[in-house]
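S.K.: Provided herewith is a single structure, encoded as structure tokens, for subsequent inquiry.
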Amino acid sequence: MVGDLMSRNRNKDTGWTEVSVRVPVAVQEAAIAWAMDHGAAGVQEEYPGLGDLHDAGPIVSGDPSEWSGDAPVNPGDFATLRIWFPRVRWTSESRVSFLNYLAGLPGGDAPAVRARRVEDTDWAASLRREWRPIEVGRRFLVCPSFVRRAGRGDRTVLRLRPGMAFGTGTHFTTASCLEMIEGILTRAGDPGALRVLDVGTGSGVLAIAALLLGASEAVGVDLDREALREARQNARLNRVADRFRTPPGPLDPDATGRFPLVIANLVASTLVDLADPLARSLTPGGRLLVSGILRRQEAQVIEAFRSRGLTPGAAMRDGTWVTIVLDSSSPA
């Protein structure tokens, strides 16, 4: 999920910034979503009974099921988040932005945010130990690139390189989008007639999934140039690079055109901000697939798109998140 990001510039100031903040459980997922949306490499949750499970370094996202199966229930009302940012991504401006965001959440007194520098460790090796192929929906097997043999032959294998961009297929927001894409492409009379726009493409996982299921072309848009680089690498890995474009810059319907399927796995505030260009990116009768929405934000997001002529259709939910398909029955 990539929203209004600073470009990731590689320089001599390597390493990481570890940001710690104690937040109410009620806003924990929103705080994690902000961090991932602003370039965090991983988030560690800490609360009584969880134990010290993360000595190897940051995990892929804030979903505990990604690294240790079902985590014990938090018995309290607060959790401490330890968030890892590439050092060039955590600045005084991002600290102020984070504090303002937390203060605006329900019940939100701005908590103390502490930051410290940490040096590089072999977190890639840790990721190799923890990240395993997973089945998503009826057709996909999302598989890390370093695993050579990948399960049953009746699954479409989607390979991803370990990287900094969001989207490994394990978090509900990504997995539910994959299932929705599978359903849309499977039911399409001619999948080859579908062109796909993926806004906030991150690792490229959703655009690549659509291409693997027969879409003719996918365009990935992201403000993070490093994410675009990783998305192109993943497209080559899955042998769909000839049908995948990654134009630089923000979403611009006048430049990228209109698409029968537009995907935006962002966060609710970014979806609302981009509601107009997202709607204008649809062809008449097209579908917009949105995710990264906390359930309490669902009505706000739906209203933003309903006012632009889109009608909510199929949805997937878990206890925290919702993924929605919105239909355009007339020119957006």
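The values are calculated or read from the model by the stated rules, or taken from the named source; none is laboratory data. The structure presented is a predicted model; accordingly, all values stated were derived computationally and were not measured. When we count neighbours, we look across all protein chains shown, and the Cβ atoms used for this are built from the backbone with ideal geometry, even at glycine. Surface accessibility is based on the protein's heavy atoms, side chains included, excluding ligands, DNA and RNA. Shrake-Rupley method; radii C 1.70, N 1.55, O 1.52, S 1.80 Å.
Residue-by-condition table, conditions (1) surrounded by fewer than 17 Cβ atoms within 10 Å (Cβ to Cβ); (2) touching a strand residue (DSSP E or B) at 6+ places or on another chain (Cβ under 6 Å); (3) more than 18 Å from Asp37 (Cβ to Cβ):
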{"site": "Asp276", "(1), (2), (3)": "yes, no, yes"}
{"site": "Thr283", "(1), (2), (3)": "yes, yes, yes"}
{"site": "Arg287", "(1), (2), (3)": "no, yes, yes"}
{"site": "Ile293", "(1), (2), (3)": "no, yes, no"}
{"site": "Gln297", "(1), (2), (3)": "no, no, no"}
{"site": "Val301", "(1), (2), (3)": "no, yes, no"}
{"site": "Ser307", "(1), (2), (3)": "yes, no, yes"}
{"site": "Met316", "(1), (2), (3)": "no, yes, yes"}
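S.K.: Take residues that are farther than 15 Å from Leu197 by Cβ and among the β-branched types (Val, Ile, Thr) and tell me which of the helices (runs of 4 or more DSSP H) falling wholly in the stretch 231-326 contain 1 or more.
M.R.: 268-273, 298-306
S.K.: Take the stretch 214-232 and flag every residue that is of a type in the set (A, V, I, L, M, F, W, C) and open to solvent by 20 Å² or more (accessible area, probe 1.4 Å).
M.R.: Leu223
S.K.: Every residue in the stretch 271-286 that is of a type outside the set (A, V, I, L, M) and more than 11 Å from Ala304 (Cα to Cα), please.
M.R.: Here is the first cut: in the stretch 271-286, the residues of a type outside the set (A, V, I, L, M) are 273, 276-277, 280-281, 283-286.
The answer is Pro277, Arg280, Ser281, Thr283, Pro284, Gly285, Gly286.
S.K.: Further, regarding this structure: Being open to solvent by less than 10 Å² (accessible area, probe 1.4 Å), closer than 20 Å to Pro253 by Cβ and not charged (D, E, K, R) is the filter here; which residues of the stretch 180-199 pass it? Steps first, please.
M.R.: Step one: filter the stretch 180-199 for residues open to solvent by less than 10 Å² (accessible area, probe 1.4 Å), giving 181, 185, 196-199.
Those left that are additionally closer than 20 Å to Pro253 by Cβ: 196-199.
Those that are open to solvent by less than 10 Å² (accessible area, probe 1.4 Å), closer than 20 Å to Pro253 by Cβ and not charged (D, E, K, R): Val196, Leu197, Val199.
S.K.: Out of curiosity, is Val205 within 21 Å of Pro277 (Cα to Cα), touching a residue at least 40 places away in the same chain (Cβ under 8 Å) and either open to solvent by 10 Å² or more (accessible area, probe 1.4 Å) or within 16 Å of the chain's Cα centre (by Cα) (or both)? Can you show your working first?
M.R.: Working: within 21 Å of Pro277 (Cα to Cα): no; touching a residue at least 40 places away in the same chain (Cβ under 8 Å): yes; either open to solvent by 10 Å² or more (accessible area, probe 1.4 Å) or within 16 Å of the chain's Cα centre (by Cα) (or both): yes.
So Val205 does not fit the description; no.
S.K.: Now for a separate question. Does Pro106 qualify as being modelled with pLDDT under 85, in contact with a strand residue (DSSP E or B) (Cβ under 7 Å, 6 or more places away or on another chain) and open to solvent by less than 90 Å² (accessible area, probe 1.4 Å)? Spell out the reasoning first.
M.R.: Details: modelled with pLDDT under 85: yes; in contact with a strand residue (DSSP E or B) (Cβ under 7 Å, 6 or more places away or on another chain): no; open to solvent by less than 90 Å² (accessible area, probe 1.4 Å): yes.
Against the criterion (modelled with pLDDT under 85, in contact with a strand residue (DSSP E or B) (Cβ under 7 Å, 6 or more places away or on another chain) and open to solvent by less than 90 Å² (accessible area, probe 1.4 Å)), Pro106 does not qualify.
S.K.: Output the qualifying pairs, or none if there are none: Cβ atoms under 7 angstrom, residues six or more apart or on different chains, first residue in the stretch 143-161 and on the phi > 0 side of the Ramachandran plot and modelled with pLDDT under 75, second residue assigned to a strand (DSSP E or B) and open to solvent by less than 30 Å² (accessible area, probe 1.4 Å).
M.R.: Gly151/Leu141
S.K.: Being open to solvent by 50 Å² or more (accessible area, probe 1.4 Å), of a type in the set (Ser, Thr, Tyr) and modelled with pLDDT of 85 or more is true for just one of Ser92, Ser68. Which residue is that? Show your work before the answer.
M.R.: Details: Ser68 fails: modelled with pLDDT of 85 or more.
Exactly one of Ser92, Ser68 is open to solvent by 50 Å² or more (accessible area, probe 1.4 Å), of a type in the set (Ser, Thr, Tyr) and modelled with pLDDT of 85 or more, namely Ser92.
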